[in-house]
Ligand code: FAD
């Protein structure tokens, strides 16, 4: 169906041509096909991209296995006699890979079922709305760039895949390392640190910024740091990587603290989790005149690049690098192309979850941003301790729900810490996106005993009628 690509003047092979079949690209393709548009989806690896194959899904499977290990190890706390005999990584990987394989099969079926043409191979943008794959040029009336991201390293830090790993390598490990240095205390670094600690490894996180998960509200960072300390995870904040040497045992990592003092941390492995860069190099974007900055593709709130009919979604666009942002942007672009005039995806309304033990979940503004946006005196906060929440006590997890609201106005930020709080972020998002006031949420009934009640209780307290809260 694509052989006569663009040879008739004015003819295009597809209504929508998508470069990259990750979260952003495949969501766009699925929605466009649903809307009756013809779609070509170019993918050099596997449909599903980073999130499905080497990101969200496999890491969350590892984190679940880690939770099972913790439950076995801590079973006596609940009066259950069980013991953790060890971690069989082959078994863990089989479970993890099984989850990915089932989802991959389902996704491939969806793509096929919607009549999307998958073009296998590495694509390069060779014209205003043209992508060339293995010498064949394909054209679209609209082109959607969705080539995603890759694991970054630091200057002078060479990843070898054996001692010095990225998250892709870490997901393929066939044994539990005895010790690991995790470079980067952001979401990915904190999640791997959490998994490995649960599996029994000695873990040291090195973070250049003054706190772990620095993109979150400082209260959340503080709670995570406290929990990690209790779990025996070492972390060095305001500490920079200097160099790494391979030793007979593994690696010797030299780091420098804020005062300039250096120290050496020895470990079996070094995980480099210092962020993800846009996968745009050599893809022809700049050559075709796409406006870019530091390798990212610049797009406006309607995901439009500077070129007519060319859109960009997902991790290549500056902003939160999250799968659900990509999904929503992909859907948005498909609907935009179909003329449905959808509402743009609001960056601050995108929920964020770190799936470590304990979890961190948030939506909207942190306290500091809210204060600088609306004025110091125009913001109120309330922190509800999970100590008062029955279900959290049953689970034996600690943490809080922190609300940030405009005085006499809506809730503009929700920040949560505790096991499983990621599951609460859906309601938090509705509260934020619908600009609910605490008085709107307070009368809503939250089932008892659930962790959801903590959200309800926090709003009750902020509405001036605390139930299970002191003070
Ligand atoms: P990608 O998923 O990277 O997809 C891009 C696709 O384009 C890839 O399939 C690639 O092969 C293809 N491609 C690139 N260049 C070409 C080319 N020239 N020709 C053809 N194909 C090409 N996000 C969450 O929301 N929740 C999580 O829990 C989470 N956990 C994560 C854990 C890890 C370890 C990592 C690394 C990421 C995680 N993320 C998570 C982030 C999430 O994976 C990304 O935000 C998401 O995958 C971005 O989607 P995308 O479509 O922009 O790009």
- prompt: What is the spread of the Cα atoms of segment 358-462 along each of their three principal axes, largest first, in whole Å?
  reply: 39, 27, 20
- line: Given 417-424, 210-217, the highest-first ranking by average Cβ count within 10 Å works out to 417-424, 210-217
task: Measure nothing but the geometry: give the 0 to 90° angle between the long axis through the Cα atoms of 187-198 and the longest principal axis through the Cα atoms of the chain, rounded to 10°.
output: 50 degrees
Kirkwood Rh, Cα atoms: Rg over Rh of segment 164-274: 0.94
query: Working from the pairwise distances between different alpha carbons, so that the mean of 1/r is found and then inverted, what is segment 1-117's Kirkwood radius in Å?
result: 17.0 Å
Whole-number percent relative contact order across the chain, with pairs defined as alpha carbons under 8 Å at least 6 apart: 14 percent
message: Using 10 Å bins from zero, what percent of all Cα-Cα pairs in segment 47-177 falls into each bin?
response: 10, 26, 28, 22, 9, 4, 1
query: Helix 56-73 versus the longest principal axis of the chain: what angle, 0 to 90°, nearest 10, using Cα atoms?
result: 20 degrees
message: Ignoring everything except DSSP H segments at least 4 long, calculate the 222 nm mean residue ellipticity for the chain; use -39,500 (n - 2.57) per segment, divide by total residues, nearest 500.
response: -9000 deg cm²/dmol
- prompt: Can you give the relative contact order of segment 358-462 as a percent, counting alpha carbon pairs under 8 Å and 6+ residues apart?
  reply: 32 percent
statement: At q = 0.24, 0.32 Å⁻¹, the log10 of I(q)/I(0) for segment 111-151 from a Debye sum over equal Cα scatterers comes to -0.95, -1.17
- prompt: If the viscosity is 0.692 mPa s and the temperature 37 °C, what Stokes-Einstein diffusion coefficient in µm²/s follows for segment 105-239 when Rh is the Kirkwood radius over Cα pairs?
  reply: 179 µm²/s
query: Cα-based Rg of the chain per 2.2 N^0.38 Å, rounded to two decimals?
result: 1.04
field: Overall Cα dimensions of segment 223-322, principal axis frame, Å, largest first
entry: 53, 34, 26
- line: In degrees rounded to 10, the 0-90 angle between helix 452-462 Cα long axis and the longest Cα principal axis of the chain is 70 degrees
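We did not get these values from a lab; they are worked out from the coordinates using the rules stated. What you see is a predicted model; the values in this text were computed from it and never measured. So basically every Cβ, Gly included, is an ideal-geometry build from the backbone, and we count neighbours across all protein chains shown.
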